[in-house]
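These notes concern the structure reproduced below.
The values are calculated or read from the model by the stated rules, or taken from the named source; none is laboratory data. Not measured: the values here are computed from a predicted model. Note that each Cβ is placed from the backbone with ideal geometry, even for glycine, and that neighbours are counted across all protein chains shown.
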Amino acid sequence: MTERELIQKIKELKEERQAVILAHNYQQDAVQDVADFIGDSLELSRKAAASKAKVIVFAGVHFMAESAAILSPDKIVLLPDKLAGCPLADSIDVEGLRRAKERWPEAAVVCYVNSAAAVKAESDVCCTSANAVQVVNSLPQKQVLFVPDRNLANYVSRFTSKEIIPWDGCCVTHQRVTLADLEAAREAHPGAPVLVHPECRPEVVAAADFVGSTGAILRYAREARAEELLIGTEMGILYRLKKENPSKRFYLLTPGLVCPNMKLTTLEKIVKSLERLEPVITVPEETRRRAICALERMLAVA
């Protein structure tokens, strides 16, 4: 099928299945175009919880679809490519987290949503890059075990008096950005503000003009007077940035800002997923009940 035929087929199947398509800002351009909602993890978590659709197609990675399944157990949650995983989420498991909890028994466990459902179930509260600081500061505990992203943990530590104990995980895509990349980009585009995701290295975050989630980066770009902006997050966001700001120019800090897992979803796979109603993402009920408490606490703060 041609792209136009695929798009038409998706429209027909969405109506037939009473489905909604949620796409992360890092998805391929064509996938973003067919989505009902595009956003960052926090925005899409809210959309999943509020949706009245019977079927949720999550154009993202596995942990995102799991979060939708946790929040919407009465809906069918589809992940068009079951291999779309996340190395950051894979950097922590339940056994490792339990050992850390034993080592720091007084610490609250704040779990970045980039994690498996079973890890969320072992945590006190979840957070996203958009609300991590607010979530941490809302807790009564003075110690916080922050899992699994050490760079986001470092960023949060700048805005709290609490002791942050980081898990040693990172996003391999954001980790590719170096201070040398940032400095070279600034030299090539003098005066252009640098916008980076808090999953970047601490020295990159410290040197940036603005640090925020993909949603926050999009808002900054809309409001900025600058005609050129330097972007330090996954390349998929460039499509939406250019679409919303046609008079502005955007440049990646490094060409290596590509997440292969986020690029696995295609129009063809969305069609097959809606036709077959698979792959279905489910979470065991006991795990779901525990994990939803952590997610709901996050949503209450956000």
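Odds and ends about this structure:
- Listed conditions (1) buried (at least 17 other Cβ atoms within 10 Å of the Cβ); (2) at pLDDT 95 or above; (3) not polar (S, T, N, Q) are all met by GLY215, apart from (2).
- Scanning the stretch 125-141 for residues that are surrounded by fewer than 20 Cβ atoms within 10 Å (Cβ to Cβ) and modelled with pLDDT of 95 or more returns VAL133, GLN134, ASN137, SER138, LEU139, PRO140, GLN141.
- Among the candidates ALA69, ALA107, ALA116, ALA132, the residue that is small (Gly, Ala, Ser) and in the same structural domain as ASP33 (by TED's automatic domain parsing) is uniquely ALA69.
- Checking each residue of the stretch 36-49 against the condition of being assigned to a loop (DSSP other than H, G, I, E, B) and of a type outside the set (Asp, Glu) gives no match.
- Odd one out for THR266 among (1) farther than 29 Å from VAL57 by Cβ; (2) among the β-branched types (Val, Ile, Thr); (3) in contact with a Pro (Cβ under 8 Å, 6 or more places away or on another chain): (1)
- Counting only helices (runs of 4 or more DSSP H) that sit wholly inside the stretch 107-217, those with at least 3 residues that are on the phi < 0 side of the Ramachandran plot and without any contact (Cβ under 8 Å) to a residue 60 or more places away in the chain are 132-137, 150-157, 179-188, 202-207.
- Spans of helices (runs of 4 or more DSSP H) in the stretch 218-302 with at least 2 residues touching a Cys at 6+ places or on another chain (Cβ under 6 Å) and within 30 Å of LEU78 (Cα to Cα): 285-301
- Some residue of the stretch 70-91 being without any contact (Cβ under 8 Å) to a residue 40 or more places away in the chain and either at positive phi or among the basic types (Lys, Arg) (or both): yes
- Unique match (being among the small types (Gly, Ala, Ser) and closer than 17 Å to TRP167 by Cβ) among ALA107, ALA84: ALA107
- Entry remark, the stretch 232-258: residues being crowded, with 22+ Cβ neighbours inside 10 Å and either more than 24 Å from ILE7 (Cβ to Cβ) or acidic (Asp, Glu) (or both) number 5 in total.
- The numbered conditions (1) more than 30 Å from GLU106 (Cβ to Cβ); (2) touching a Ser or Thr at 6+ places or on another chain (Cβ under 8 Å) are all true for GLU199 except (1).
- Restricting the stretch 79-106 to residues that are in contact with an Asp or Glu (Cβ under 7 Å, 6 or more places away or on another chain) and either not in a helix (DSSP H, G or I) or not β-branched (Val, Ile, Thr) (or both), the residue that is surrounded by the most Cβ atoms within 10 Å (Cβ to Cβ): LEU88
Per-residue answers, yes or no, for (1) closer than 21 Å to ALA23 by Cα; (2) not assigned by TED's automatic domain parsing to the domain that holds ASP40:
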site	(1), (2)
GLU234	yes, yes
LEU241	yes, yes
PRO246	no, yes
SER273	yes, no
PRO279	yes, no
ARG297	no, yes
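- The set of residues in the stretch 74-95 that are touching a helix residue (DSSP H, G or I) at 6+ places or on another chain (Cβ under 8 Å) and either among the acidic types (Asp, Glu) or over 23 Å from LEU13 (Cβ atoms) (or both) comprises ASP81, GLY85, CYS86, PRO87, LEU88, ALA89, ILE92, ASP93, VAL94.
To keep it simple, each residue is scored yes or no on (1) small (Gly, Ala, Ser); (2) touching a strand residue (DSSP E or B) at 6+ places or on another chain (Cβ under 9 Å); (3) modelled with pLDDT under 95; (4) under 26 Å from VAL34 (Cβ atoms).
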{"residue": "PHE146", "(1), (2), (3), (4)": "no, yes, no, no"}
{"residue": "ASN151", "(1), (2), (3), (4)": "no, yes, no, no"}
{"residue": "VAL172", "(1), (2), (3), (4)": "no, no, no, no"}
{"residue": "PRO202", "(1), (2), (3), (4)": "no, no, no, no"}
{"residue": "ALA226", "(1), (2), (3), (4)": "yes, no, no, no"}
{"residue": "LEU230", "(1), (2), (3), (4)": "no, yes, no, no"}
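- Residue in the stretch 259-270 that is under 26 Å from ALA184 (Cα atoms), of a type in the set (Ser, Thr, Tyr) and either in contact with a helix residue (DSSP H, G or I) (Cβ under 8 Å, 6 or more places away or on another chain) or not assigned by TED's automatic domain parsing to the domain that holds LYS9 (or both) present: no
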